[in-house]
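Taking it in order: structure first as structure tokens, then the write-up.
The values are calculated or read from the model by the stated rules, or taken from the named source; none is laboratory data. Model, not experiment: these values are computed from the prediction. A quick note on method: Cβ atoms are made from the backbone with ideal geometry, for glycine too, and the neighbour counts reach across all protein chains shown. The area values use the complete protein model at the heavy-atom level, side chains included, leaving out ligands, DNA and RNA. Shrake-Rupley method; radii C 1.70, N 1.55, O 1.52, S 1.80 Å.
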Amino acid sequence: MRNVSWRCLDTWKVSSKNTVVCLIGCMSGDLTAWYYLNTYFATWPILLIMFIAVVCGLCTSVLLETCILLRQMSFPRALKTAFGMSVFSMLAMEVAANSVAYFFSHGDRMVWWVIILSLIAGFFAALPYNYYRLKRFGKHCH
């Protein structure tokens, strides 16, 4: 990641805001799916539940970003932009959050402090990429 200064406070603020919006989108779908599947399909393998939760998180994030972008562009363009702009960031966030959740819950039901830790892990996993993308290319999702 050459030619990027990591010392710009304004860029950290904007990328932090963008990361929080992404976190809300990803984790709302992820945690809802995690809770639902663990409640009603508790006999399913935990890795399958986690995979489905990640897919749900990616879908809700793209949906939220599309809704935000609809203020600026048409639906097809907003959907394409939302899907294309931050897939790497969303995947990093989902993998980090679910890894922490799995590690601390030992594959069982999550408790509130595990959810908090997974949210923090997801935020910090995506933040550097969002900063880099904003600083290097002037591109962000929100």
Over the heavy atoms of D10, what accessible area does a 1.4 Å probe trace out, to the nearest 10 Å²? 100 Å²
Could you work out, for the stretch 22-110, what percent of all Cα-Cα pairs fall into each 10 Å distance bin, beginning at 0 Å and stopping at the bin that holds the largest distance? 19, 45, 24, 11, 1
Taking 7 Å along the Cα-to-C-beta vector as the label spot, tell me the S74-F51 distance in nanometres, rounded to one decimal. 3.7 nm
Tell me the relative contact order for the chain as a rounded percent, counting alpha carbon contacts under 8 Å between residues six or more apart. 32 percent
Report, in debye and to the nearest 20, how large the dipole of the chain comes out about its Cα centre when Lys and Arg carry +1 and Asp and Glu carry -1 on their Cβ. 740 debye
Could you compute the FRET efficiency for Y40 and C67, with r as their C-beta to C-beta distance and R0 at 25 Å, rounded to 0.05? 0.35
Distance in nm between label sites at S16 and W113, each 7 Å beyond Cα in the beta-carbon direction? 2.5 nm
Would you mind getting me the FRET efficiency between W6 and V95? Use the beta-carbon distance for r and R0 = 22 Å, nearest 0.05. 0.45
Could you calculate the contour length gain from F137 to C59, that is, 0.36 nm times the residue separation minus the distance between their Cα atoms, to one decimal place in nm? 25.6 nm
